[in-house]
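Below is one structure, written out as structure tokens, with a few remarks after it.
Nothing in this text is a laboratory measurement; each read-out follows from the coordinates by a stated rule. These numbers come from a predicted model, not from an experiment. We place every Cβ from the backbone using ideal geometry, glycine too, and count neighbours over all the protein chains shown.
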Amino acid sequence: MKISRHSSSVFTKNRSNVAVIHTIEPLAYTIPAAIKVSGVARTSLYRLMSEGRLVAVKNGRRTLIRADSLKQYLASLPVADFRSSKKITA
């Protein structure tokens, strides 16, 4: 079985020599990665961490936001409603 790694995916070849892609979910994100994947601003991330709404851990000097915590926070946000209750007349 041949394995090559590219970013967050692992490509393998099965016995029939067919490529199979396995996606690896990260356990935690650095601050820049959390901003990129969530769309939440840096200042907001730090505020959420200080409020205890996001779980962050330290690995040396690096701050990592746990992926499950970030997903849980995003799932707790209200669904956007773009249906207008007011009729616009010209």
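Which residue out of ALA67, ALA56 is in contact with an Asp or Glu (Cβ under 8 Å, 6 or more places away or on another chain), of a type in the set (Gly, Ala, Ser) and closer than 16 Å to PRO26 by Cα? Write out each step before concluding.
Values: ALA56 fails: in contact with an Asp or Glu (Cβ under 8 Å, 6 or more places away or on another chain).
Step by step, each of ALA67, ALA56 is checked, and only ALA67 is in contact with an Asp or Glu (Cβ under 8 Å, 6 or more places away or on another chain), of a type in the set (Gly, Ala, Ser) and closer than 16 Å to PRO26 by Cα.
In the stretch 32-61, how many residues are charged (D, E, K, R) and closer than 18 Å to GLN72 by Cβ?
Selection size over the stretch 32-61: 3.
So which residues in the stretch 21-55 are part of a strand (DSSP E or B) and in contact with a Lys or Arg (Cβ under 7 Å, 6 or more places away or on another chain)? First the steps, then the outcome.
So in the stretch 21-55, the residues part of a strand (DSSP E or B) come out as 21-23, 28-30.
Answer for the stretch 21-55, where residues must be part of a strand (DSSP E or B) and in contact with a Lys or Arg (Cβ under 7 Å, 6 or more places away or on another chain): ALA28, THR30.
Answer yes or no: is there a residue in the stretch 57-73 that is surrounded by 10 or more Cβ atoms within 10 Å (Cβ to Cβ) and assigned to a loop (DSSP other than H, G, I, E, B). Walk me through it before giving the result.
From the stretch 57-73, those surrounded by 10 or more Cβ atoms within 10 Å (Cβ to Cβ) are 57, 62-73; that's our starting set.
Then drop every residue that is not assigned to a loop (DSSP other than H, G, I, E, B), which leaves none.
No; the residues of the stretch 57-73 include none that is surrounded by 10 or more Cβ atoms within 10 Å (Cβ to Cβ) and assigned to a loop (DSSP other than H, G, I, E, B).
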